[in-house]
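Bear in mind these aren't lab numbers, they're just calculated from the coordinates by the rules spelled out. Being a predicted model, the structure only gives us computed values, none of them experimental. Every residue, glycine as well, gets a Cβ built from its backbone with ideal geometry; the counts of neighbours run over all protein chains shown.
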Amino acid sequence: MPELKLFVAPNTCARVPTIALEEIGVPFETELVRTAAKQQNTPEYLKLNPKGKVPMLLIDNEPLTENVAILSWLNAAFPDAKLMPKTSGPLEAFRQTADLSFFSATVHPIVTRVAMPLKFIEDKALSFEIVRPVAVDAMNKVMDMIDARLSDGPWWYGDEWSAVDGYLYWVWGRITGVGYPGNTYANIQRHFELSNKRSAVQRAMEREARNVEILKAEGLYVAPR
Ligand SMILES: N[C@@H](CCC(=O)N[C@@H](CS)C(=O)NCC(=O)O)C(=O)O
């Protein structure tokens, strides 16, 4: 059994592999990265992950970065956990990579613009009056597609939960947490409610809540707004 340590920060996309690891049920540690104190840019962290981002998974002290890679590695290393549905050939397997990449490369950048518009323009008023509304329009297009896909079953692949659902769970929680108007997307809302009932999701959120308390005590917690 490899020793697993996941570097995380509350409210970030590190929630996705945290959920995946809880679904697998394997022992793992989480290491809190204090992003408000720019711990992700310290020489010690950059030595392991020069991109200065979370998540990062240390596998027997060897770093692996990028959600798509981390989730794919976990799926390959723990096949019994069925993080992704079994595939019958390379085309199906690469379609699954495409699904994970869609969340990582298409949806996530829009999430950042909805949730943290100040990252893109220094003027606070303009960031909320221009960047966020443009991002919300882009997000609506994505959510139209996702909501339609979920009409076939509760989960992305139908009846079986997968790591893609963990991704959608983070996206939805993150954007509705800053006021994204999600009430027209009934299938996604149902997906979120069903996800909240999963014990692995609850354990992942409890881990995150403990880190929020640590950050609050240190005066380093930045609440979503
Ligand atoms: N493509 C990367 C994105 C990672 C990423 O953007 N992480 C954000 C949190 S959601 C981060 O570490 N932000 C800290 C920073 O940019 O300083 C992945 O999917 O793992």
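A few points about this structure:
- Extension gain, Asp159-Ala93: 0.36 nm per intervening residue step, less the Cα-Cα distance, totals 21.9 nm.
- Cross-link pairs exceeding 27 Å in C-alpha to C-alpha distance, out of Lys82/Lys141; Lys124/Lys216; Lys51/Lys82, comprise Lys82/Lys141; Lys51/Lys82.
- Order of Asp165, Asp99 - criterion: other Cβ atoms within 10 Å of each residue's Cβ, fewest first: Asp99, Asp165
- For the peptides 48-60, 79-91, the ranking by mean Cβ contacts within 10 Å, running from highest to lowest, is 48-60, 79-91.
- Check: the stretch 90-197 dipole with +1 on Lys, Arg Cβ and -1 on Asp, Glu Cβ, in debye: 300
- Förster radius 35 Å - calculated FRET efficiency between Glu206 and Asp152, Cβ distance, rounded to 0.05: 0.65
- For the chain, alpha-carbon Rg over 2.2 N^0.38 Å: 1.01
- Lys141 versus Lys82: modelled label distance in nm, points set 7 Å from Cα along the beta carbon direction: 3.6
- Relative contact order of the chain, defined on C-alpha pairs under 8 angstrom at six or more residues apart (%): 24
- Summarising the label geometry, the points placed 7 Å from Cα in the beta-carbon direction at Val178 and Ile130 lie 1.7 nm from one another.
- Going by neighbour counts of Cβ atoms within 10 Å, the residues Thr42, Thr35 line up, fewest first, as Thr42, Thr35.
- Our coupling estimate for the stretch 54-61, obtained by passing each phi through the Karplus curve with A = 6.51, B = -1.76, C = 1.60 and θ = phi - 60°, is 10, x, 9, 10, 8, 10, 6, 6 Hz, Gly and Pro reported as x.
- Ranked Ile19, Ile214, Ile24, criterion: other C-beta atoms within 10 Å, fewest first: Ile214, Ile24, Ile19
- Note on Ser101 and Leu220: the extension gain reaches 39.7 nm, defined as 0.36 nm multiplied by sequence separation minus the Cα-Cα distance.
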